[in-house]
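Have a look at the structure below before the remarks.
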Amino acid sequence: MSNALPNAGRPAFYTVREAAEILRCNKNTLYRAIHEGAFPAVQIRTRFVVPAEAVEQFARHAVETGTCVDVARMTAERRTPREVLRMTGGAL
């Protein structure tokens with residue numbers, strides 16, 4: 001956002017601070033959610049970036065369903081099949 005080039009379009013990733021500002025939450029809250037696996041992020045060494053699509057997906061889901069988006073629940077639902085595959089060696 002602040003370091004984006006003019007007319008470059010929307011960024012593919014936000015810093016955690018930028019994502020927290022968009023979501024109107026404290027950046028430490030977002031960091032905790034990321035570390036707990038309750039919010040998607042990409043880790044590059046010690047730095048995290050948040051996919052812009054993830055922020056937009058949660059907002060879109062809230063608007064379309066008219067309900068509260070429970071990010072932790074959504075992440076757990078996605079994580080469970082991956083964990084089953086990992087534990088079974090890819091066999092369902």
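Using every pair of separate Cα atoms, the Kirkwood estimate puts the hydrodynamic radius of the chain at 14.7 angstrom. Amide H contacts of Tyr14: Val50, Ala52, each under 5 Å away and 5 or more positions distant or on a separate chain (H built 1.01 Å from N in the peptide plane; Pro and chain starts excluded). List the residues whose amide H sits under 5 Å from the amide H of Phe39, counting only those 5 or more places along or on another chain, with H placed 1.01 Å from N in the peptide plane. Residues meeting the amide H criterion: Ile34.
Every number here is computed from the coordinates shown, using simple stated rules; none is lab data. It should be emphasised that the depicted structure is a prediction, and the values quoted were computed from it without experimental measurement.
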